[in-house]
Amino acid sequence: MTTSNKRRARITIVNAGWWGTQAHLPSLTQYQDVEVVSIADLDPDKLDAAGRVYGVEHCYPDFRHMLDVEKPDGVVAATNHTSHYLVARTVPTP
C-alpha cells in the first residue's frame with residue numbers, strides 16, 4: 001500500500017495552551033499521514049486562536065464531547081501533567 005492509499009490518522013488535541021500550540025500542533029500539522037481533526041479547551045479565546053492559526057475547523061469547549069463526536073484515532077493530552085490521567089481514562093478504547 002502506498003502512502004497515497006493510506007487513511008490519515010485522525011488526531012485530537014486536548015488543550016490549546018503552550019504545549020498544544022507551540023509543540024504538538026505545529027509538529028502534527030506537518031505530517032502527511034496525520035489530520036488534526038479537532039481541539040478542545042475551556043478558554044474560548046485560546047480555542048478560537050488555535051483553530052484559526054492551525055486551520056482546525058472543529059473546536060470544542062468540552063473534551064469529552066469532542067471525543068464522543070470526533071471518535072479520533074489518537075488523542076494528545078497537552079494538559080498539565082496532573083490531568084493526563086483524567087484525559088486518558090476518558091478516551092474510549094477500541
Would the range 11-52 count as rounded, prolate or oblate if I go by the C-alpha gyration tensor, calling it rounded below 1.5 in a/c and otherwise prolate when a/b exceeds b/c, oblate otherwise? prolate
In cubic angstrom per residue, the convex hull of the chain built on its Cα atoms measures 99
Before rounding to the nearest 500, sum -39500 (n - 2.57) across all DSSP H runs of length at least 4 in the chain and divide by the residue total; then give [θ] at 222 nm in deg cm²/dmol. -8500 deg cm²/dmol
Between Lys71 and Arg8, 0.36 nm times their residue separation minus their Cα-Cα distance comes to what? 21.3 nm
Where does each of 82-89, 68-75 land if you order them by average Cβ count within 10 Å, highest first? 68-75, 82-89
PRE zone check, label point 7 Å out along Cα-to-Cβ of His81, amide N under 17 Å, scope the range 11-26, hits 18-20
Centre separation in Å (Cα based) which lies between the range 8-28 and the range 46-62: 10
Cα-centred dipole magnitude for the range 1-83, charges only on beta-carbon of K, R (+1) and D, E (-1), debye, nearest 20: 320
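Laboratory data are not the source of any read-out in this text; all were calculated from the coordinates shown. Computed from a predicted structure; not experimentally measured. Cβ: placed from backbone, ideal geometry, glycine included. Neighbour counts: every protein chain shown.
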